[in-house]
Amino acid sequence: MSTHPAEASATSPRAASLDLALIGNCAISALVDRAGAIVWSCMPRFDGDPVFHALLDSANGLPKEGSLLVELEGLERVEQHYEHGTAILKTRLLDAAGNGVEITDLAPRFFNRDRIFRPAQLVRRIRPLAGHCRIRIHVNPRGEWGSVVPTITRGSNHLRYVLPSGTLRLTTNAPPTYVADGTWFSLHEPVSLLFGPDETLSGGIEETAREFEEQTSLYWRQWTRRLALPLEWQEAVIRAAITLKLCQFEETGAIVAAMTTSIPEAANSGRNWDYRFCWLRDAFFVVRALNSLSEVGTMEDYLRWLYDVVRGADNGHVQPLYGIGLERQLSESFVPHLAGYRGMGPVRVGNQAHEHFQHDVYGNIVLGAAQAFHDHRLFRRADAGDFAALEEVGEQAWLLHDKPDAGMWELRTRARVHTSSSLMCWAACDRLAKIGTVLGRPDREAFWRERADVIKAKIVEQAWSEKRQSFVESFGGSDLDASVLLMAEVGFLPAHDSRFVRTVEALEQSLCDGPFMRRYEAEDDFGRPETAFNVCSFWRVDALARIGQHARARELFEALLARRNHVGLLSEDMSATTGELWGNFPQTYSMVGIVNGAVRLSARWDDAV
């Protein structure tokens, strides 16, 4: 993927795609398309009612209703890129002569009076670049999943949008009448739009917007500067790291799997899910990836949320996912009046997986918390009380390590003893043994080591298939599953173990199309999966590097990086034939793969400097 600003033809239809950029501040977020339209944003939380919902009502292209956009008269082309090292997006709308405007989009985030300032507010700045240009601005929020048109009231420098859930305010130095009516007008000097809570702005509009941009830019550049980056692929890693950070709802510490709901995993597949919640599995991988870059603040915030999950568990049972405010009930419902992404419904709200039994969750809890017992940099290192809480989690892992569950792929109609679930139960016991050593508790170290050894012996015996010459997806099964590649990731087997090497070879033959890898070969509730699962493709890269096929791993990693969208982001799935992105966006799992691959494969700094 080129790092230069992306260009797109202005004459092509404004069809929905995942050529989107993410802006946010760890309180709210928004997705911006290549032409600078905000087509998705939930307020006041990631999992709330979308204020801008156009992405999920795009059967006939992206509508103006449910979006915030700027139109340029005579538009010929667009350019878009992130400001280096920040979460600030720049979009240029240009005519045939190169005249036009530059749009700057951000959500304010910076330190103010020794605390982080992250209001539920979007800031859009529009400045003329050259020549005489005319624009029109459309601000069309909706309520109740697009079904309610707001009542609009006007002030001297603001518009108020009254919705059932509350009132939003647009403060602007553009003529409010022109904005409200969608009127073309000449842009002679910069204008700004601040959209968010119904609160009076204390300072001048342009002055405030400029200060918010400058302070937000400084915050992100300082945050990026502290990352321990690999030597190679630094731009890709920086963008992935910022994206992962933006997926944390900092108020509670929860990390969402993605910002969207109901983007199908493949065209017209019906595989449409709501990912705006915190899966303990996905969050662990996010924390692990950022820790590898020496960004431990995300982990510290996440552990606040995680220990509340653990200490609030009913009889030890932990759900695979919770709401970002620790909500347990995430019942699924449908939004029938929305056509869905490109008309490919259904649009789902909530996720039935909160009812599932997915036993790998216990390993993901312990793995996510383990570093806090070892890391002396933390403001609050984990202590004996935390260890006691994690031992309760370990008890569940021990009790359930050989019991059927829905597995990490959340199968809705089939339960088996999934190898990946048992593997993570082993990891829970293994890490508790190591924590026991750190805490000077040899009795607990021996206790958990014995249990880990028992689980390991069962996995080696019952998950290995002589016929397939591979570890398989379930005890006594015969189907292949990419999740067994995590054996090397969590330290279950050394990478050079012949059984692991043969597993990698078998998976490549069965599940791979070029650089892409599917999750599994068996049919599921919806039939056989059509698209590749991006994180599995990165797991393959990692496994190849671990078994010594470093050059091939680099080649595949480069091929995957080339499939990112124009600003360096990935969704959950990808078409192996067209390279088109599918599934919810941006997907933390996929962005984690970018970080892990670069850290694993990069040349060392001391080899070059």
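The values are calculated or read from the model by the stated rules, or taken from the named source; none is laboratory data. From a predicted model like this one, the values you see are computed outputs, not experimental measurements. Cβ sites come from the backbone with ideal geometry, for glycine too, and all protein chains shown count toward neighbours. Each accessible area value is taken on the protein alone, full model and side chains, heavy atoms only, with ligands, DNA and RNA left out. Shrake-Rupley method; radii C 1.70, N 1.55, O 1.52, S 1.80 Å.
Taking the criterion of being under 22 Å from the mean Cα position of the chain (by Cα) and part of a loop (DSSP other than H, G, I, E, B), the residues of region 319-339 that qualify are 319, 320, 323, 324, 325, 326, 327, 328, 329, 330, 331, 332. Restricting attention to region 541-570 and to residues that are β-branched (Val, Ile, Thr) and farther than 18 Å from residue 263 by Cβ, the residue that is surrounded by the fewest Cβ atoms within 10 Å (Cβ to Cβ) turns out to be 547. Restricting the first member to region 526-539 and to residues that are within 17 Å of residue 269 (Cβ to Cβ) and modelled with pLDDT of 95 or more, and the second to residues that are buried (at least 17 other Cβ atoms within 10 Å of the Cβ) and polar (S, T, N, Q), the beta-carbon pairs closer than 6 Å and six or more apart or on different chains are 534/590.
Among the conditions (1) within 28 Å of residue 241 (Cβ to Cβ); (2) open to solvent by 10 Å² or more (accessible area, probe 1.4 Å); (3) part of a helix (DSSP H, G or I), residue 342 misses just one, which is (1). Scanning region 119-135 for residues that are open to solvent by less than 30 Å² (accessible area, probe 1.4 Å), closer than 23 Å to residue 92 by Cβ and in a loop (DSSP other than H, G, I, E, B) yields one hit, 133. Against the conditions (1) of a type in the set (Gly, Ala, Ser); (2) assigned to a strand (DSSP E or B); (3) open to solvent by 50 Å² or more (accessible area, probe 1.4 Å), residue 202 satisfies every one except (2). Between 169, 160, the distinction of being at pLDDT 95 or above, in contact with a Lys or Arg (Cβ under 6 Å, 6 or more places away or on another chain), among the basic types (Lys, Arg) and open to solvent by 50 Å² or more (accessible area, probe 1.4 Å) belongs to 160 only. Cβ separations smaller than 7 Å between residues 6+ apart or across chains give the following pairs from region 228-256 residues that are of a type in the set (Lys, Arg) to residues that are open to solvent by 20 Å² or more (accessible area, probe 1.4 Å): 239/82.
When region 348-366 is filtered for residues that are open to solvent by less than 10 Å² (accessible area, probe 1.4 Å), of a type in the set (A, V, I, L, M) and under 19 Å from the mean Cα position of the chain (by Cα), the ones remaining, listed by number, are 353, 361, 365.
List the helices (runs of 4 or more DSSP H) inside region 409-512, counting only whole elements, that have at least 3 residues being touching a strand residue (DSSP E or B) at 6+ places or on another chain (Cβ under 8 Å), among the basic types (Lys, Arg) and on the phi < 0 side of the Ramachandran plot.
Numbers: elements: 419-438, 442-462, 486-489, 498-511.
Result: empty, no element qualifies.
Across region 107-118, the qualifying residues are those that are aromatic (Phe, Trp, Tyr) and open to solvent by 50 Å² or more (accessible area, probe 1.4 Å), and the one among them that is nearest to residue 26 (Cα to Cα) is 117. Answer with yes or no whether residue 454 is closer than 28 Å to residue 601 by Cβ and aliphatic (A, V, I, L, M). No; evaluated as a whole, the condition is false for this residue.
Filtered by the rule that a residue be surrounded by fewer than 21 Cβ atoms within 10 Å (Cβ to Cβ), hydrophobic (A, V, I, L, M, F, W, C) and outside any helix (DSSP H, G or I), region 576-609 gives 576, 603, 608, 609.
It is to be established whether one or more residues within region 208-220 are touching a helix residue (DSSP H, G or I) at 6+ places or on another chain (Cβ under 9 Å), among the aromatic types (Phe, Trp, Tyr) and surrounded by fewer than 16 Cβ atoms within 10 Å (Cβ to Cβ). Working first, answer last.
Taking region 208-220 and keeping what is touching a helix residue (DSSP H, G or I) at 6+ places or on another chain (Cβ under 9 Å), we get 220.
In the following step, the residues that additionally are among the aromatic types (Phe, Trp, Tyr) were identified as 220.
Among the residues that remain, those that are also surrounded by fewer than 16 Cβ atoms within 10 Å (Cβ to Cβ) are: none.
So far as region 208-220 goes, no, none of its residues is touching a helix residue (DSSP H, G or I) at 6+ places or on another chain (Cβ under 9 Å), among the aromatic types (Phe, Trp, Tyr) and surrounded by fewer than 16 Cβ atoms within 10 Å (Cβ to Cβ).
For the residues 453, 513, 479, the requirement of being without any contact (Cβ under 8 Å) to a residue 12 or more places away in the chain and not hydroxyl-bearing (Ser, Thr, Tyr) singles out 453.
Could you go through region 528-540 and let me know if any residue there is of a type in the set (A, V, I, L, M), more than 14 Å from residue 230 (Cβ to Cβ) and crowded, with 19+ Cβ neighbours inside 10 Å. Outline the logic, then answer.
Residues of region 528-540 of a type in the set (A, V, I, L, M): 532, 535.
This time we only want the ones that are more than 14 Å from residue 230 (Cβ to Cβ), so: 532, 535.
Cutting the leftovers down to crowded, with 19+ Cβ neighbours inside 10 Å gives us 532, 535.
For region 528-540, residues of a type in the set (A, V, I, L, M), more than 14 Å from residue 230 (Cβ to Cβ) and crowded, with 19+ Cβ neighbours inside 10 Å: present.
Of all the residues in region 498-526, those that are open to solvent by 50 Å² or more (accessible area, probe 1.4 Å) and among the hydroxyl-bearing types (Ser, Thr, Tyr) number 1.
If you go through region 159-178 one residue at a time, how many are among the aliphatic types (A, V, I, L, M), touching a residue at least 24 places away in the same chain (Cβ under 8 Å) and closer than 20 Å to residue 207 by Cα? Final tally of qualifying residues: 2. Can you say whether residue 433 is modelled with pLDDT under 95, farther than 15 Å from residue 487 by Cα and more than 27 Å from the chain's Cα centre (by Cα), as far as the supplied structure shows? So residue 433 fails the test.
Number of residues in region 224-252 that are part of a loop (DSSP other than H, G, I, E, B), out of contact with any strand residue (DSSP E or B) (no Cβ under 9 Å at 6 or more places or on another chain) and surrounded by 20 or more Cβ atoms within 10 Å (Cβ to Cβ): the value is 3.
Among the residues of region 186-199 satisfying the criterion of being within 17 Å of residue 160 (Cα to Cα) and in a loop (DSSP other than H, G, I, E, B), which is least open to solvent (accessible area, probe 1.4 Å)? Spell out how you get there, then give the answer.
Kept after step one, since they are within 17 Å of residue 160 (Cα to Cα), are these residues of region 186-199: 192-199.
Still in the running and in a loop (DSSP other than H, G, I, E, B): 198-199.
Values: 198: 54, 199: 124 Å².
Going through the qualifying residues, I end up with 198.
Of the residues making up region 136-147, just one is open to solvent by 40 Å² or more (accessible area, probe 1.4 Å) and outside any loop (DSSP other than H, G, I, E, B), namely 136. Of everything listed in (1) free of Cβ contacts under 8 Å to residues at least 60 places away in the same chain; (2) assigned to a strand (DSSP E or B); (3) farther than 26 Å from residue 341 by Cβ; (4) open to solvent by less than 30 Å² (accessible area, probe 1.4 Å), the single unmet condition for residue 104 is (1).
Here the condition is being within 30 Å of residue 261 (Cβ to Cβ) and surrounded by 19 or more Cβ atoms within 10 Å (Cβ to Cβ); of 397, 369, 382, it holds for 369 alone.
Taking (1) without any contact (Cβ under 8 Å) to a residue 40 or more places away in the chain; (2) over 19 Å from the mean Cα position of the chain (by Cα) in turn, residue 33 satisfies each apart from (2).
Scanning region 60-75 for residues that are small (Gly, Ala, Ser) and free of Cβ contacts under 8 Å to residues at least 60 places away in the same chain, which turns out surrounded by the fewest Cβ atoms within 10 Å (Cβ to Cβ)? Applying the filter and picking the extreme gives 61.
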